[in-house]
Amino acid sequence: MKDKIIQKLITEETKRQNNTLNLIASENSTSKDVREALASVFTNKYAEGYPGARYYGGNAVADKLEALTQARALTLFGLSPKKWSVNVQPYSGSPANLAVLLALVPAGEKIMGMSLAMGGHLTHGHKVSVTGKLWQQVPYGVNKKTERIDYEEVLEIARREQPRIIIAGATAYSRIVDFKKMRAIADAAHAYLMVDMSHFAGLVAGGVYPSPFAYADVVTTTVHKTLRGPRAALIFARKFEIRNPKSETNQKFKTRNSKPTIASAIDKAVFPGLQGGPHMNAITAVAVALKEAGSPTFKKYAAQIVKNTRALAGELARLNWRIISGGTDTHLFLMDTISQGVGGGEASDMLETAGIIVNKNTIPFDERKPTDPSGIRIGTAALTTRGMKEKEMKVIATLIDAVLKKKMKPAEAEKKIAMLCKKFPLR
Ligand code: DSN
């Protein structure tokens with residue numbers, strides 16, 4: 001690279017990623033093929049519109065690429081193109097979620113999502129997000145005792161509030177969501193069911209987390225978490241007519257010759273509603289990642305993620321750390337640090353000094369501020385990509401424990417971590 005300053009920063013970041021243990025639950029490390037696709041000449045192309053209906057010339061190859069990506073996405077999750085459509089253009093998870101809401105819920109109406117404080121995502125209607133400004137969030141959370149979703153309570157809220165859409169999925173919830181129950185709740189409230197599977201999409205693809213597709217009307221996902229692709233998102237939508245076609249929003253999407261479907265309304269909300277030209281290089285890399293995620297090795301990878309998370313959480317629990325909800329079914333868990341006298345922010349900083357990267361996180365019913373919450377979130381997808389297994393997870397739990405309880409100097413921990421990292425280099 002001619003730009004030496006940028007080259008230096010890339011080298012520095014490569015070193016940082018190689019020499020630290022990444023336990024951030026929403027991150028992963030992509031294959032060389034994914035990165036090669038991202039850096040391809042598709043970055044040069046404007047392709048506003050959809051395959052076969054573009055606003056610029058020169059899109060014959062882009063059309064093939066986008067159609068192939070759509071086909072790979074449907075195949076990966078076992079979906080029939082007769083029943084499901086997929087939009088592969090969202091720049092990332094937040095615009096994907098926003099596009100669904102713009103397509104299906106008139107502004108000002110109620111949307112029901114898990115509250116941020118309980119593990120939900122900002123774009124599920126939190127007040128600081130545009131989704132909480134354009135719509136009214138009806139939040140649900142977890143039971144104080146079990147720290148798991150209380151479906152009876154969710155049903156009660158949905159019946160009372162009658163939201164237009166219910167969003168299942170979270171960013172800091174370690175348990176399997178019961179999609180069948182969420183569907184029954186949505187039906188009882190005459191609401192759409194949207195599942196945001198961003199965090200666990202790779203686990204669904206790998207067959208170690210239940211698929212939401214039998215129950216949801218719409219499924220959104222980012223591609224860069226457990227799915228191990230580039231930063232991008234997908235929206236899967238059922239090809240049925242949207243309900244309440246008399247509402248203003250829905251009329252907007254009605255075309256002269258065809259009745260609006262959920263899928264067509266969402267396509268229009270993505271482009272031209274919300275975005276301009278799709279990032280064709282990102283879509284190229286999505287296609288590569290989707291193929292990788294359909295391989296037998298990816299199935300093993302997904303299963304290993306869950307084993308690793310359970311091993312890490314189990315060992316930390318044995319060392320007397322409180323794991324929220326008592327464990328995990330997925331790639332992540334929340335750990336209460338304040339009960340051992342360490343704030344989440346402080347814990348994250350202490351671990352980073354030793355070379356362990358996590359994020360501070362609120363825990364359910366947190367009494368502290370989100371800027372300095374009571375816990376940390378830990379995920380194993382990135383370390384599993386490096387080839388680490390249960391044995392390494394136990395070592396890492398011991399190191400986390402030693403650093404947080406100040407039984408080991410950060411410099412000593414750093415040395416041990418550097419050795420571990422060297423044994424498991426990034427791809
Ligand atoms: N920021 C992501 C996460 O960490 O879960 C979600 O957008």
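The values are calculated or read from the model by the stated rules, or taken from the named source; none is laboratory data. What you see is a predicted model, and the numbers here were worked out from it, not measured in a lab. Note: accessible area is taken over every heavy atom of the protein model, side chains too, but ligands, DNA and RNA are not part of it. Shrake-Rupley method; radii C 1.70, N 1.55, O 1.52, S 1.80 Å.
The mean accessible area for residues of the chain, using a 1.4 Å probe and ignoring ligands and nucleic acids, is 45 Å² per residue. Once the Cα atoms are used to define both axes, helix 151-161 deviates from the longest principal axis of the chain by about 40 degrees. Which of Asn361, Asn44, Asn59 moves the most in a Gaussian network model of the chain with Cα springs under 10 Å? Highest fluctuation among the options: Asn44.
Tell me the angle of helix 296-318 to the major Cα principal axis of the chain, expressed in degrees between 0 and 90 and rounded to the nearest ten. In the chain, helix 296-318 runs at an angle near 50 degrees to the longest axis.
The phi torsions of the range 76-86, fed into the Karplus equation with coefficients 6.51, -1.76 and 1.60 and a -60° offset, translate into couplings of 4, 9, x, 9, 7, x, 6, 9, 10, 10, 9 Hz, rounded to whole numbers, with Gly and Pro shown as x. Counted over the chain, the DSSP beta bridges are approximately 60% antiparallel. Surface composition of the chain: carbon and sulfur make up 55 percent of the accessible area, probe 1.4 Å. Going by amide H atoms built from the backbone, whose H comes under 5 Å of the H on Ala232, apart from near neighbours? Here Val223, His224 satisfy the definition. Amide H contacts for Leu193 (H built 1.01 Å from N in the peptide plane; partners 5 or more residues away or on another chain; cut-off under 5 Å): Ile166, Asp217, Val218. Taking only alpha carbon atoms, the chain gives an Rg to Rh ratio of 0.98, where Rh is the Kirkwood radius.
Starting from the Cα gyration tensor of the range 4-65, take the square roots of the eigenvalues, sort them a ≥ b ≥ c, and report rounded, prolate or oblate (rounded when a/c is under 1.5, otherwise prolate if a/b is larger than b/c, else oblate).
Here the range 4-65 falls in the prolate category.
Against the chain, whose longest principal axis is taken from its Cα atoms, helix 4-19 shows a tilt of about 70°. In this structure, the pairs whose alpha-carbon distance is over 18 Å, taken from Lys8/Lys416; Lys110/Lys360; Lys239/Lys259; Lys300/Lys422; Lys64/Lys225, are Lys8/Lys416; Lys110/Lys360; Lys300/Lys422; Lys64/Lys225. If you average the alpha carbon positions of the range 311-349 and of the range 135-165, how far apart do those two centres end up, in angstrom? Computed from Cα coordinates, the inter-centre distance equals 25 Å.
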